[in-house]
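Step one of this worksheet: look at the structure below.
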Amino acid sequence: MKLFLHVWRQKDRTDPGRMETYNAEDISPDMSFLEMLDEVNEKLIQEGNEPIAFDHDCREGICGTCSLVINGMAHGPERGTTVCQLHMRKFQDGERIVIEPWRAKAFPVIRDLIVDRSSLDRIIQAGGFVSVNTGGAHDGNALPVPKPNAETAMDAAACIGCGACAAACKNASAMLFVAAKVSHLAHLPQGQPERSQRVKKMVEQHDQEGFGHCSNQYECEAACPKEISVKFITQLNRDYLRACVSAKD
Amino acid sequence: MPSSVPTKRQLTPNSLPPGKGLLAWTLPVFSTTVGSKLLVGVTGAALTAFVIVHLIGNLKIFSGPDSINSYAKFLKDLGPLLWIMRFGLLFLFVLHIVLAIRLKLRSRSARPVPYVSEATIQASVASRTMIVTGLAILAYVVFHVAHFTLGWVQSVEITPGIYTNMLDLRDVEGRADVYTIMIYGFRNPLVSILYLAAQGFLFVHLSHGVASTFQTFGANSPRWQPAIRALGWAVAIFVCVGNSAIVLAVWTGYLKPLI
Ligand code: HEM
Ligand code: FES
């Protein structure tokens with residue numbers, strides 16, 4: 001396959017950045033998108049040029065490190081797929097492909113296609129945990145969790161924290177991320193004591209990081225490689241409302 | 001001589017430490033994105049309820065002059081209560097607009113560098129143009145109040161050569177003749193085109209807004225979503241068709257002035 005790439009190049013945080021074009025030749029349809037970029041980089045290095053910097057780690061769709069916007073879609077055109085699991089056979093020979101980093105004030109570009117996502121870490125630090133003393137292991141059945149709750153919590157916990165929701169959102173809102181983390185703990189008994197405070201603190205931190213607001217357009221859900229449902233944002237809104245009207249604390 | 005030593009009497013009963021009062025407790029609703037959106041939803045839902053009630057009132061024109069004129073008199077006769085309702089409505093309207101615009105500005109600054117290539121997967125056109133349709137409604141509402149409430153826009157020529165302000169028209173019982181006012185109002189093509197255009201904007205705004213409100217209130221779910229979407233469309237269509245029908249009935253001559 002032969003492809004024409006338009007790639008965002010940016011030297012560092014202060015550089016304004018620009019698009020550059022590269023030709024990718026002799027690309028096998030069985031390569032992943034990142035392997036295709038590896039090929040392009042090999043060539044760039046051989047020619048004595050700077051390779052394109054992009055984030056990746058597990059390359060098996062579980063770590064949430066890879067983060068490319070391809071032709072305007074976070075993680076590319078295939079539904080429920082991280083870009084490391086996206087294969088070149090999904091593209092056409094001779095196609096023009098635009099590759100950009102996640103774009104949000106809360107995700108400053110560090111270099112080329114790599115952004116700083118520590119804003120998501122700070123949202124977790126604000127409340128995405130349960131404060132319990134760890135002791136001896138509990139008996140497995142001492143804390144009953146109804147099967148549907150366990151399933152729902154697990155669906156929410158599928159979030160790999162990649163930030164595609166915010167990248168895809170027209171308002172650059174990371175509400176699907178916050179919602180997944182809030183709902184995950186809200187469906188388990190361990191999450192109950194801090195449930196009210198958690199949702200308030202995480203939303204507050206989300207806003208402080210400079211993400212936008214959710215306007216119920218659901219672009220996040222379409223972009224999410226783990227297909228996290230916007231029903232978790234409904235849950236977040238419900239929990240937030242309850243936390244606001246509850247007479248506690 | 002009272003002692004200067006603090007006494008138990010100085011403590012207010014059932015009190016909270018500083019920074020934990022009612023204000024600090026409610027402020028996050030105004031300051032956070034989720035809270036602001038909740039208020040946009042509450043005010044939006046209240047405005048939608050108003051629009052529906054207003055439409056039902058307007059539709060009385062189809063049951064004749066007496067029906068709508070007596071309804072108008074009933075509203076007028078509410079006196080101070082009417083003013084409370086008017087200010088309440090104004091308050092909701094302003095809060096809705098101010099918070100919606102603030103959210104919009106916030107989200108605009110949340111992406112300082114735009115995408116070179118941007119795709120939209122499932123966001124509806126209506127959901128992406130709420131601010132445009134909203135501002136169009138604002139412009140229309142200002143015109144609408146100037147037109148039918150303040151009477152600044154049109155005067156009518158009932159007897160040739162004599163122009164009266166629309167609002168001065170009276171029916172045989174001496175009530176404000178809302179029936180005739182509306183008919184003469186919509187006989188002006190420019191005015192009625194403006195009204196029809198406004199109904200279009202309101203239709204688009206409500207086609208996203210009503211269903212979106214359920215999500216904002218946390219009252220959506222995969223099971224209910226199709227029904228909620230259908231309700232949103234039904235409300236939008238009802239409001240648009242109902243209001244437009246009055247204008248069109250005047251145009252086609254179905255509704256005629258008595259004089
Ligand atoms: C001056 C006029 C108006 C402006 C500028 C305006 C603006 C907006 C905007 C920008 C939103 C989207 C908020 C967001 O998702 O970010 C919105 C939502 C909404 N608006 Fe309006 N609007 C106006 C008038 C109205 C009127 C007259 C009604 C009712 C008839 C209405 C009903 C709604 C509803 C129901 C929502 C949905 C709230 C939600 O998603 O929870 N709006 N408005
Ligand atoms: S590199 Fe780990 S999910 Fe893509």
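Only the coordinates and a few stated rules stand behind these numbers; no lab work does. None of these values were measured; they are calculated from a predicted model. In this analysis, Cβ positions are derived from the backbone assuming ideal geometry, glycine residues included, and neighbour counts consider all displayed protein chains.
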On the formula 1/(1 + (r/R0)^6), with r taken between the Cβ atoms of A:Ile45 and B:Arg108 and R0 of 60 Å, the FRET efficiency rounded to 0.05 is 0.95
Label-point separation, A:Asn133 to A:Arg89 (7 Å along Cα→Cβ), nm: 5.6
Considering only A:Glu35, A:Glu50, A:Glu194, give the residue with the highest GNM mean-square fluctuation for chain A, with springs between Cα atoms whenever their separation is below 10 Å. A:Glu50
Karplus ³J(HN,Hα) for the stretch B:126-133 (6.51 cos²θ - 1.76 cosθ + 1.60, θ = phi - 60°; Hz, whole; x = Gly/Pro) runs 4, 5, 8, 10, 4, 5, 5, 5
Averaged over B:17-26, number of beta-carbon atoms from partner chains that fall within 10 Å: 1
Hz values of 3J(HN,Hα) by residue in the stretch A:162-173 - Karplus curve (6.51, -1.76, 1.60), Gly and Pro given as x: 7, x, 4, 4, 5, 5, 7, 5, 5, 9, 6, 9
Using the structure shown, list the pairs from A:Lys201/B:Lys37; A:Lys181/B:Lys20; B:Lys60/B:Lys256; A:Lys200/B:Lys37; A:Lys231/B:Lys37 with a Cα-Cα distance above 20 Å, or answer none. A:Lys181/B:Lys20
For A:Lys147, counting only aspartates and glutamates whose alpha-carbon sits under 19 Å away and dropping same-chain residues fewer than eight positions off, the answer is A:Asp139, A:Asp155
What FRET efficiency comes out for A:Ser118 versus A:Ala53 if R0 is 25 angstrom and r is the Cβ-Cβ distance? Round to the nearest 0.05. 0.90
Helix A:147-157: inclination vs chain A longest Cα principal axis, degrees, rounded to 10, gives 40
Within a Gaussian network of chain B (alpha carbon springs, distance under 10 Å), most fluctuating of B:Ser107, B:Ser15, B:Ser70: B:Ser15
Expressed in angstrom and rounded, the centroid-to-centroid distance over alpha carbons for the stretch B:132-175 and the stretch B:27-60 is 26
Inter-chain shielding metric for A:218-227, i.e. average beta-carbon neighbours from other chains within 10 angstrom, reads 3
GNM result for chain A, Cα springs below 10 Å: residue of A:Gly76, A:Gly64, A:Gly135 fluctuating most strongly: A:Gly135
Note: B:224-237 gets an average of partner chain Cβ contacts (10 Å, Cβ to Cβ) equal to 0
Angle check, please: helix A:33-46 long axis (alpha carbons) against the longest principal axis of chain A (alpha carbons), in degrees 0 to 90, nearest 10. 40
Here is the link list: A:Lys2/A:Lys43; A:Lys43/A:Lys90; A:Lys2/A:Lys226. Which ones come out longer than 20 Å on Cα distance? A:Lys43/A:Lys90; A:Lys2/A:Lys226
Please give the peptides B:113-123, A:233-243 ranked by average Cβ packing (other Cβ atoms within 10 Å per residue), highest first, as a rough proxy for protection. A:233-243, B:113-123
Going by alpha carbons, how many degrees (0 to 90, nearest 10) lie between the helix axis of A:118-127 and the longest principal axis of chain A? 10
